[in-house]
Amino acid sequence: MFDVPTPQSSSRRDFVKAATAVGASAALGFPGILKADDTIKIGHLTPRTGFLGQVGEYGFKGATLAVEELNAAGGILGRKIDLIAEDSVNPSTAVTKAQKLIERDKVVCMLGEVSSASGLAIAEQARRGKIVYVNTGCNSDELRGKSCNRYMFHVEGSNTMYTKTIGHWQKAKNLIKGARWYFLTADYAFGHDLYRVSSRFLQENGGVNLGNDMVPTNTSDYSAYILKIRQAKPDLVYLNLAGVDQTTFLKQYREYNLPYPLAGGVMDTVPFWAAGIDALSGHWQSLWFHGLTLPAAVAFTKRFSDKFGGPPDNQAWGDYTAVRILAQSMTETKSTASEIIITHLEKGATFDILKARKGSFRPWDHQMLQEMYVVVVKDKAKMKDKWDIFDLVETVPGPNESLELIQPTQQENPCTLAV
Amino acid sequence: MIVLEQILNGLLVGSYYIVLALGLSLIFSLGGVVNLAHGAFYALGAYFAYEVAERLGFFPALVISPLLVAAIGMVIERFALRRLYGEDPILGLLFTFGLAMTAEQTLRMIWGTTGLNFAIPDALRGQLLLGDFIYSYYRLAVLAVCITSILGCWLLLTRTAFGMIVRAGVQDPEMVRVMGIQLRPILTLVFGLGVALAGLAGVISAPMAGVQPAMGIEIQTAAFVIVVIGGLGSFWGVVYAGLLVGVVRGITVAFYPPAAEASMYLLMILILLVRPRGLMGERFEKFE
């Protein structure tokens, strides 16, 4: 028998179908594993594949470490914690997985996420299921404002917090007034929200907006955008990109070696690590980074590195912290009931979050009040290892300033937490 | 001026799409297999290049990595894919789809989820300024590699005995068999060549876009679109389609960036409406 296909087996129709299947493949994920009962079940949802997958994977590691440590210390209220983790992939998959966690696995609370669009979808499921969801990686102000939700708490900083942190430093150095900025913005919920916040901040402080390009996520070639930036000759290029897109842009911007400095509305360590020190420059803001010298932060970095072979990033910190906050709240209230935990958090319970000052949640929008950091890309000659890319410039707000300094006000981002 | 700059840059970007799409087109034309793992071979090329470049430098990686990818591809073809020729096409689809997922997870397990940092080789750093236009040396080198491999493929297919058998096999496998020529080893070699082109595209993209497990997914879709636009089985169709997609994308970025990635799909729809066979798809009646 001869092995070459018959003509009808290879029509263009099949080919087009196949091309569609390629797209559909992105929607499939890997199922979680069901475990034994009589434990406190906590659901973890974050993208482990796709353009935010690399960041999400660190979040998963952080949550895993926290659960292991808590279980080794006897669990919560004498019960072990069972972390049920799912790859949330995209908003529609996130909804399905959240429903599965709530209805089938009967988790007592959920945490995680990186994508603001998915986080919003999960929060809606949490509200319907009446369980607490701690957002560890969605930055959109909208989640704390127009779409805020009584069941959602935010360990992650909001877009305004990131913008005002770097803005605090830019204002002090007189880098905003009269400066001409060019924006590149990720074309989804997070990017749009960040562009709104960052362009408003520029305008309020007397800067000039030269233009903004909405960039589709997962863009592999930025040369066309870089040529536009070169024509515009801005004083600063402001990146509202996330995940792999950050890495790709940083590398290609370096390739063209344009003289215009970079800053951005968000800085996730993982894409910066992936870009490599040669592609990096400038001042950035950080929610947490492993260069902090506080004993608790150093100890956490050591435990994480011992387990995973590399230091934690801000996302690992976020998911680790969220698990610790949930566990501490359950222990302090001797309950796993979401209503009781919400009341406890709204009353201003404080938590050690591996920063100099303790963290607590604002009762009216559930955003965690906390310090952030301005960091500068390290001199390559002084790097200890490939992860050592930043030096601390300053903590924002400073030791004598209110933690509200970088927060959106109630007027800027109004929220009504209906019961 | 801005438009001209974007057109020239688009041609450059397009040349790199072509290398990936040509491999896909070759494999499909002869074997009838829609290779859904093409993006996985692309990623594999980048990862191998990372390892080889660490030890021997970038330029050896440019040659060695595609050869390694070809070797793996030929082993897979010889022991698995070969059984699926002539069967229901869905089997080939399922097999390569599964292969793609397995490959991506394997990359994650070996090299981790975080992207690897792959810097542009020192010799190719810097930019060329031509009047008001700017080109990075690295991209010009990419262009040279792409043109060389495209011409190399064309010469291989048109000027060698191997190429003649391949083309004859595409047009009329029955007749080739009657002539007493074994197509099996040719199919293995063509699959190897196809995935080697994917691997090569992966190597040259690594310094520009970095190396990460899912890097093949988006770009593979672009390659599919280019093959469909170009017309199945047509060599120059793929070349024109690649350039066209690069240029259309560049112009879209200049005027309406949100549609940049969607532009190639729109282009595909328009071309299929006007010419259902794609740009150059009329030459091979087999695909009608």
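The values are calculated or read from the model by the stated rules, or taken from the named source; none is laboratory data. Keep in mind that this is a model prediction, so the values were computed, not measured. Using ideal geometry, Cβ is built from the backbone for each residue, glycine included, and neighbour counts are taken over all protein chains shown.
For A:G207, the criteria (1) away from every other protein chain (no Cβ under 14 Å); (2) in contact (Cβ under 8 Å) with a residue 60 or more places away in the chain hold in every case but one, which is (2).
Residue check: B:P257 meets all listed conditions (1) under 14 Å from the mean Cα position of the chain (by Cα); (2) within 10 Å of another protein chain (Cβ to nearest Cβ) but one, namely (1). Among residues of the range A:256-265 being surrounded by fewer than 24 Cβ atoms within 10 Å (Cβ to Cβ) and in contact (Cβ under 8 Å) with a residue 24 or more places away in the chain, the one that is nearest to the other protein chains (Cβ to nearest Cβ) is A:Y256. Listed by first and then second residue, the pairs linking a residue in the range A:378-389 that is closer than 12 Å to A:L280 by Cα to a residue that is assigned to a helix (DSSP H, G or I), with Cβ atoms under 7 Å apart and 6 or more places separating them unless they lie on different chains, are A:K380/A:I277; A:I389/A:F272; A:I389/A:W273; A:I389/A:I277. Among the residues of the range A:233-256, those that are basic (K, R) and part of a helix (DSSP H, G or I) comprise A:K251, A:R254.
Checking each residue in the range B:122-131 for being surrounded by fewer than 17 Cβ atoms within 10 Å (Cβ to Cβ) and more than 9 Å from chain A (Cβ to nearest Cβ) picks out B:D122, B:A123, B:L128, B:L129, B:L130, B:G131.
Listed conditions (1) in a strand (DSSP E or B); (2) crowded, with 19+ Cβ neighbours inside 10 Å are all met by A:Q315, apart from (1). The condition (being surrounded by fewer than 20 Cβ atoms within 10 Å (Cβ to Cβ), at the interface with chain A (Cβ under 9 Å from one of its Cβ atoms) and in contact with a helix residue (DSSP H, G or I) (Cβ under 9 Å, 6 or more places away or on another chain)) is satisfied by just one residue among B:E87, B:E51: B:E87.
What number of residues within the range A:289-303 satisfy the criterion of being within 21 Å of A:I42 (Cβ to Cβ) and either under 17 Å from the mean Cα position of the chain (by Cα) or buried (at least 24 other Cβ atoms within 10 Å of the Cβ) (or both)?
Of the range A:289-303, the ones within 21 Å of A:I42 (Cβ to Cβ) are A:300, A:303.
Keeping just the survivors that are either under 17 Å from the mean Cα position of the chain (by Cα) or buried (at least 24 other Cβ atoms within 10 Å of the Cβ) (or both) gives A:300.
Residues flagged as within 21 Å of A:I42 (Cβ to Cβ) and either under 17 Å from the mean Cα position of the chain (by Cα) or buried (at least 24 other Cβ atoms within 10 Å of the Cβ) (or both) within the range A:289-303 amount to 1.
Going by the structure shown, is A:R357 assigned to a loop (DSSP other than H, G, I, E, B), in contact with a Leu (Cβ under 9 Å, 6 or more places away or on another chain) and away from chain B (no Cβ under 14 Å)? For A:R357, the condition - assigned to a loop (DSSP other than H, G, I, E, B), in contact with a Leu (Cβ under 9 Å, 6 or more places away or on another chain) and away from chain B (no Cβ under 14 Å) - is met. Considering only residues that are away from chain B (no Cβ under 13 Å) and under 20 Å from A:W288 (Cβ atoms), which ones fall in the range A:41-64? Passing the criteria: A:H44, A:G62, A:A63, A:T64. Which of the residues that make up the range B:132-156 are surrounded by fewer than 13 Cβ atoms within 10 Å (Cβ to Cβ) and either of a type in the set (D, E) or within 13 Å of chain A (Cβ to nearest Cβ) (or both)? Selection gives B:D132 alone.
Hey, can you tell me all the residues within the range B:210-238 that are under 22 Å from B:Y138 (Cβ atoms) and either in contact with a strand residue (DSSP E or B) (Cβ under 9 Å, 6 or more places away or on another chain) or surrounded by fewer than 24 Cβ atoms within 10 Å (Cβ to Cβ) (or both)?
Our first condition is that a residue be under 22 Å from B:Y138 (Cβ atoms); within the range B:210-238, this holds for B:210-212, B:215-216, B:218-219, B:222-223.
Answer for the range B:210-238, where residues must be under 22 Å from B:Y138 (Cβ atoms) and either in contact with a strand residue (DSSP E or B) (Cβ under 9 Å, 6 or more places away or on another chain) or surrounded by fewer than 24 Cβ atoms within 10 Å (Cβ to Cβ) (or both): B:G210, B:V211, B:Q212, B:E218, B:A222.
With respect to the conditions (1) of a type outside the set (A, V, I, L, M, F, W, C); (2) more than 10 Å from every other protein chain (Cβ to nearest Cβ); (3) not in a helix (DSSP H, G or I), A:D221 lacks only one, and its number is (2).
Okay, residues lined up against (1) within 24 Å of A:S140 (Cα to Cα); (2) at pLDDT below 95; (3) in a strand (DSSP E or B):
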residue: A:G23; (1), (2), (3): no, yes, no
residue: A:G29; (1), (2), (3): no, yes, no
residue: A:G32; (1), (2), (3): no, yes, no
residue: A:D37; (1), (2), (3): no, yes, no
residue: A:Y58; (1), (2), (3): yes, no, no
residue: A:E69; (1), (2), (3): no, no, no
residue: A:A98; (1), (2), (3): yes, no, no
residue: A:M110; (1), (2), (3): yes, no, yes
residue: A:A121; (1), (2), (3): yes, no, no
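Residues being more than 8 Å from chain A (Cβ to nearest Cβ) and closer than 23 Å to B:M164 by Cα: count how many of those fall in the range B:220-240. I'd like the intermediate steps shown before the answer.
First, the residues of the range B:220-240 that are more than 8 Å from chain A (Cβ to nearest Cβ): B:222-223, B:226, B:229-231, B:233-240.
In the following step, the residues that additionally are closer than 23 Å to B:M164 by Cα were identified as B:230-231, B:233-240.
The total comes to 10.
Of everything listed in (1) more than 26 Å from A:P91 (Cβ to Cβ); (2) surrounded by fewer than 23 Cβ atoms within 10 Å (Cβ to Cβ); (3) β-branched (V, I, T), the single unmet condition for A:T217 is (1). Screening the range A:153-174 for residues that are under 15 Å from the mean Cα position of the chain (by Cα) and either surrounded by fewer than 24 Cβ atoms within 10 Å (Cβ to Cβ) or among the hydrophobic types (A, V, I, L, M, F, W, C) (or both) and picking the one that is nearest to A:S198 (Cα to Cα) gives A:M161. Scanning the range A:285-326 for residues that are touching a Phe, Trp or Tyr at 6+ places or on another chain (Cβ under 9 Å) and of a type in the set (D, E) yields A:D313, A:D319.
Scanning the range A:273-289 for residues that are within 14 Å of chain B (Cβ to nearest Cβ) and touching a helix residue (DSSP H, G or I) at 6+ places or on another chain (Cβ under 7 Å) yields A:A274, A:A275, A:I277, A:D278, A:A279, A:L280.
Figure legend. Inter-residue proximity from the range B:242-253: first residues in contact (Cβ under 8 Å) with a residue 24 or more places away in the chain and at the interface with chain A (Cβ under 10 Å from one of its Cβ atoms), second residues charged (D, E, K, R) and part of a helix (DSSP H, G or I), beta-carbon distance below 8 Å, spacing 6+ or different chains. Indicated pairs: B:V253/A:K228. Considering only residues of the range B:95-121 that are under 22 Å from B:L56 (Cα atoms) and aromatic (F, W, Y), which is farthest from the other protein chains (Cβ to nearest Cβ)? Per the stated criteria, the residue is B:W111.
Listed by first and then second residue, the pairs linking a residue in the range A:329-345 that is within 12 Å of A:F153 (Cβ to Cβ) to a residue that is basic (K, R) and part of a loop (DSSP other than H, G, I, E, B), with Cβ atoms under 7 Å apart and 6 or more places separating them unless they lie on different chains, are A:S338/A:K130; A:I342/A:R150.
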